[in-house]
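First up is the structure itself, then whatever we jot down about it.
Each value in this text was obtained by applying a stated rule to the coordinates, not by laboratory testing. A quick note: this is a predicted structure, and the numbers were derived from the prediction, not measured. Here the Cβ positions follow ideal geometry from the backbone for every residue, glycine too, while neighbour counts run over all protein chains shown.
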Ligand SMILES: [Zn+2]
């Protein structure tokens, strides 16, 4: 008897030890596969690349009382864009799984190395921009591994993917919601449009979709579109700050989308977005110190002088003219400018 118990105990110990690296709390797939609902779980997925660079990706899985769609929210793909990160945290705290139908997956800070080192756009560990790394590479550098984890584990189980960004450290930005007009997948595109319209954002930007199935998607939400999902993005906040109104409009957008999906009841807001289906990108032709009196949201006419660049001594180098009439969606909001950078993005209706 004692012998049997000891054997059982030894076996249990061996099982515990051998199963340690596979603990559910470290593993997205296992945690997601658990069938209890309602349930709320916070996990940290750790990835390490061949150069021993490590990433810890926080992921929340909220399972509602009833089964239903899976709605995934990514924040902090760019770690210097704070309003999406703060909004995601508040949503994790607020969303009540007793009131939720389906599942909400929230990644509050996709790129923690960028966030904690205060690095705009890129992961300083390997100097790669996570939002240019998709589909990623499971045997690549650390940022490519993060992208690959999203592509192979999270996007496939999602019905809708919402990637939330804002103006980065140097970007002045008009808040908007956006999606790809993928004509090959009309059902997914129609849902992206419906959710965008419901979001409460005043401006709705649509991008053309010309990606081939074999092309790298580069962007997180474009990857989801390529994989046949409904995907969209919010841009809110600017210049590396936490604007309370930017956080509030992101949260409102998420609640409105969940309401439209019949996943979470809330009061619906009016849907009257201004649609902008064209984008003109004004690229810098000179490296220098950038000046402009304009701000995101200002209307411009074709040929208007939008700003100029000066050299280090204050001598004017070049004027920057509007190639298109429209509204400034985003612009560089700080003095440094380099050749090839997008100084202005002008949104308009074709
Ligand atoms: Zn971004």
For the stretch 152-223: relative contact order, % (alpha-carbon pairs under 8 angstrom, 6 or more apart): 33 percent
Coarse-grained scattering of the stretch 279-348 at q = 0.18 Å⁻¹, given as base-10 log I(q)/I(0) from a Debye sum over alpha-carbon atoms: -0.58
Fewest-first ranking of 150, 313, using other Cβ atoms within 10 Å as the exposure measure: 313, 150
Proxy reagent accessibility, fewest Cβ within 10 Å first, across 204, 257: 204, 257
Average silhouette area of the stretch 218-275, convex hull of alpha-carbon atoms, in square nanometres: 5.8 nm²
Candidates 289, 247, 107: whichever shows maximal mean-square fluctuation once the chain is modelled as a Gaussian network with Cα springs under 10 Å: 289
The chain - percent relative contact order, Cα under 8 Å, separation 6 or more: 15 percent
Cα gyration tensor shape for the stretch 234-326, rounded if a/c is under 1.5, else prolate or oblate: prolate
Cα-based shape type of the stretch 23-275, given that a ≥ b ≥ c are square roots of the gyration tensor eigenvalues and the cut on a/c is 1.5: rounded
Antiparallel bridge percentage (DSSP; both residues within the chain; nearest 5): 65 percent
For the stretch 254-331 and the stretch 71-107, distance of Cα centres in Å: 26 Å
Reciprocal of mean inverse Cα separation for the stretch 137-182 (Kirkwood radius, Å): 13.2 Å
Dimensions in Å of the stretch 153-213 - Rg and Dmax from alpha carbons: 13.2, 37
Choice from 307, 240, 102 with maximal GNM fluctuation in the chain (Cα, 10 Å cutoff): 307
Normalised contact order of the stretch 279-348, rounded percent, pairs of Cα under 8 Å and 6 or more residues apart: 44 percent
Two-site label geometry, residue 318 and residue 293: point separation in nm, points 7 Å out along Cα→Cβ: 2.3 nm
Label zone at residue 338 (point 7 Å along Cα-to-Cβ), backbone N below 15 Å, the stretch 260-299: 284-290
0 to 90° range, to nearest 10: angle between helix 244-260 axis and the chain longest Cα axis: 60 degrees
Stretch gain in nm, segment residue 305-residue 202, where the contour uses 0.36 nm per residue and the Cα spacing is subtracted: 34.5 nm
Inter-label distance for residue 30 and residue 90, nm, one decimal - labels placed 7 Å from Cα along Cα-to-Cβ: 3.5 nm
Share of alpha-carbon pairs per 10 Å distance bin for the stretch 107-250, given as whole %: 12, 39, 37, 12, 0
Length gained when the stretch residue 67-residue 118 is fully extended (0.36 nm per residue, less Cα-Cα span): 14.5 nm
